[in-house]
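Everything on this sheet refers to the single structure shown next.
The values are calculated or read from the model by the stated rules, or taken from the named source; none is laboratory data. Everything quoted here is computed from the prediction, not taken from an experiment. Here the Cβ is made from the backbone with ideal geometry for all residues, glycine too, and neighbour counts use every protein chain on show.
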């Protein structure tokens, strides 16, 4: 119980339930997971706007147990809660109870290798100079060089959950940069620093081989 109390305190200290925070919801009575984002936090419940709402159109009864994952930066918080109500008009909003059985985990379960690897990101046809600051076979975290040219809102405009991204990485012994395709999983902003978390697709062997080559140099 003490660890659970500490975890619950920590999640609030991290502002993990900020408005706009992405969430995934699953339940035994739902056919598939649904995604959404937090639009408001009350003292006794959390209000979520769904991106897809087919399951909730069937009017899942109040009190249904839900499992949620909240994504904040490089950290994922998983917890269980219960459905407290659904508003259908003028837009569908789901209200859940405050979390319990909170668990904290990382987005990537591979060992991270710290590095300073210059790269170029292409997001929504925008080329952005960046630096890979940690790398695994499954993804990377990039810090934007050009953060001084971006304000918080324009950086948010570039971010979209599961938005396609192309990462051009230099590979030792190669004549040109290797293109790695992926998706943007999060954007972390501070006063003048913007970090982007990327999950690699690795759909072709050349991409996987390039990442393995870079990681070998980090060992």
Across segment 24-39, the tally of residues that are assigned to a loop (DSSP other than H, G, I, E, B) and surrounded by 14 or more Cβ atoms within 10 Å (Cβ to Cβ) stands at 3
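Table: residues versus (1) assigned to a strand (DSSP E or B); (2) at pLDDT below 80.
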residue: 69; (1), (2): yes, no
residue: 81; (1), (2): yes, no
residue: 84; (1), (2): yes, no
residue: 90; (1), (2): no, no
residue: 103; (1), (2): yes, yes
residue: 109; (1), (2): no, yes
residue: 122; (1), (2): yes, no
Restricting segment 188-219 to residues that are more than 21 Å from residue 111 (Cα to Cα) and part of a strand (DSSP E or B), the one modelled with the highest pLDDT turns out to be 194
Looking across segment 50-62 at residues that are surrounded by fewer than 16 Cβ atoms within 10 Å (Cβ to Cβ) and more than 11 Å from residue 96 (Cβ to Cβ), the single one that is modelled with the highest pLDDT is 61
